[in-house]
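Working notes for the structure below.
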Amino acid sequence: MIVKDEFLTKLRQFFGLNLYEVRVWTALLSRGKSTAGELSEIGEVPRSRAYDVLESLEKKGFVTLKVGKPIQYLAVEPKEVVERLKKTVKVDADKNLQKLKDLNSNDVLTELNTLFSQGIEYVEPADLSGAIKGRHNIYDHLETMIKRANDSVTIMTTSKGVLRKVEALQPTLAKLSRKGVKVRIAAPSEGANHEQMKDVKKFAKLKGVDNLDARFCIVDGKEVMFMVMDDKDVHPTYDLGIWVDAPYFAGALDNLFGLVWDKS
């Protein structure tokens, strides 16, 4: 049976197998039951590797071994393989999640925090900057920024950007609002969904600003994230944000925003 390379590549991606494993597995699926020698020949895998590959597939739940002379291997039904993989992935994910939870009571996290806080003392604020690529990563960093807010969060965005940020940041912004942190969001009024804007006003002051086209977020007048491209012209994957921890620059931008805000 001839199996296209494109199909083998998909199997490797979906099932996490190497090239020899997918060749032997597809060969066995085409036969249902076979020996290592036959599978080596059909799958074009070196005979010296066939037994190791089959042993690996057996441990992963893709094949079962039938004891006899010669030893034969039986293919597990693909949908059963998928169910087994689901269970394995869930077990591994639960273990990894528990490891991360255990960090809260572990000396490792304490040492990391100490290293971070001590290291910051030796870095000039003007040097604390970075580029974040991809809208998902940008929003993750925005959330980290605003969690540190003690006084104010200022957001300038587009009409569509308001809804995206509300969806991604609403729980955190709502908590800050309850703590007394001043949250201001400005965006063009044209194209805005006024019904959805009602939810925003529950935790932030919202204004339509049509004479300022920009995308940025300022926290406490000390650090700022600004996006360098228009969200209408860039794919989310290639969106780019620049983060700067510079009170002088952030404070100046916050003051300029305040002038536009007061006039709107």
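The values are calculated or read from the model by the stated rules, or taken from the named source; none is laboratory data. Everything numeric here is computed off the predicted structure, so don't read it as measured data. When we count neighbours, we look across all protein chains shown, and the Cβ atoms used for this are built from the backbone with ideal geometry, even at glycine.
A few remarks follow.
- Residue count for the range 118-135, restricted to those that are closer than 15 Å to ASP245 by Cα and either in contact with a Lys or Arg (Cβ under 9 Å, 6 or more places away or on another chain) or modelled with pLDDT of 70 or more (or both): 6
- Residue satisfying all of: in the range 70-85; surrounded by 12 or more Cβ atoms within 10 Å (Cβ to Cβ) and more than 24 Å from PHE14 (Cβ to Cβ); farthest from the chain's Cα centre (by Cα) among these: ILE71
- Tally of residues being under 40 Å from the mean Cα position of the chain (by Cα) and under 23 Å from LYS79 (Cα atoms) across the range 43-66: 14
- When VAL209, VAL224, VAL183, VAL219 are checked against the criterion of being at pLDDT below 90, crowded, with 17+ Cβ neighbours inside 10 Å and not acidic (Asp, Glu), a single residue qualifies: VAL209.
- Scan of the range 132-183 for residues that are in a strand (DSSP E or B) and in contact (Cβ under 8 Å) with a residue 60 or more places away in the chain, ordered by number: ILE132, LYS133, SER152, VAL153, THR154, ILE155, MET156
- Filtered residues of the range 28-46 (kept if part of a helix (DSSP H, G or I) and out of contact with any Asp or Glu (no Cβ under 8 Å at 6 or more places or on another chain)): LEU28, LEU29, SER30, ALA36, GLY37, GLU38, LEU39, SER40, GLU41, ILE42, GLY43
- Looking across the range 227-251 at every residue that is touching a Pro at 6+ places or on another chain (Cβ under 8 Å) and not acidic (Asp, Glu), the one that is surrounded by the most Cβ atoms within 10 Å (Cβ to Cβ) is identified as ALA246.
- Looking only at residues of the range 132-157 that are among the hydrophobic types (A, V, I, L, M, F, W, C) and closer than 10 Å to VAL219 by Cα, we find that the one that is nearest to the chain's Cα centre (by Cα) is LEU142.
- Test: residue in the range 47-69 that is without any contact (Cβ under 8 Å) to a residue 60 or more places away in the chain, farther than 25 Å from VAL89 by Cα, in contact with a Phe, Trp or Tyr (Cβ under 7 Å, 6 or more places away or on another chain) and crowded, with 18+ Cβ neighbours inside 10 Å: no
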